[in-house]
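For reference, the structure is listed below as structure tokens.
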Amino acid sequence: MTKIRFHYSWLLALAAVVTAGSAPARANIILSLTPVSVNAGEVGAHFDVNVQNTGSIQNLASFSLALSVSDTRITFTGGNTSTLLPYLFAGDSFDGINGFPFVTIPPPNGLLVQASDLSDSGAGVAMGTTTLGLGRIFFDVAPNAAPGSISVTLVPGCLSADSCTSMADANLDAVPFSLSDGRITINGAAGVPEPSTLIVSLFGVSLLAWRRRRQ
């Protein structure tokens with residue numbers, strides 16, 4: 001019970017920090033989404049959120065994520081820490097060790113997804129110039145979704161506990177970062193030949209068959 005209260009108090013502290021991403025041009029920590037291509041009607045599709053450090057060693061001990069879309073062709077359904085790259089808090093995850101749900105909003109699906117985790121030991125990770133996984137986000141695609149590209153936005157600024165992106169070190173000091181949003185590409189159906197192309201193709205096949213018969 002003590003750890004549960006500690007978890008919430010830390011997240012509330014993060015939610016109060018509104019300057020975490022205020023200087024993206026000078027930030028060495030970059031949050032990004034892996035691009036993904038999907039088909040209409042696909043269920044359980046996913047992309048990863050990654051964190052990259054391009055500067056000196058930085059301690060990271062907690063984070064909160066909020067992602068949103070404005071296009072109803074997709075809906076978020078959940079997430080976990082099974083990222084392709086090594087997870088930031090692998091072996092020291094409050095979510096993994098204490099069983100907290102990684103994604104909390106919205107149940108069961110919607111256009112906004114909220115996730116958070118922190119170092120179970122409280123010590124955090126000393127992150128050098130590398131890229132690590134921050135979370136895997138799952139979504140469904142509408143059955144009749146038209147082809148096209150959908151922008152996924154990492155919501156900056158912790159204005160509320162339910163919609164913010166922030167990072168902090170072991171001292172609960174905000175870690176500046178920059179955001180790199182991602183895109184989901186919905187593939188189109190295989191093209192159907194134009195009538196004129198179809199006619200030319202059939203004529204060519206018929207001509208070839210006629211020549212073979214003459215020979």
Ordering 172-180, 135-143 by per-residue average of other C-beta atoms within 10 angstrom, highest first, gives 135-143, 172-180
Other residues with Cβ under 13 Å from the Cβ of Ser32 give, with Lys and Arg +1 and Asp and Glu -1, a net charge of -1
Taking a crude spin-label model, label points 7 Å out from Cα along the C-beta direction, the Asn39 to Thr72 distance in nm is 2.5
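Bear in mind that the values in this text are calculations on the coordinates, not laboratory data. Predicted model, so just to flag it, every value in this text is computed and none were measured. Cβ: placed from backbone, ideal geometry, glycine included. Neighbour counts: every protein chain shown.
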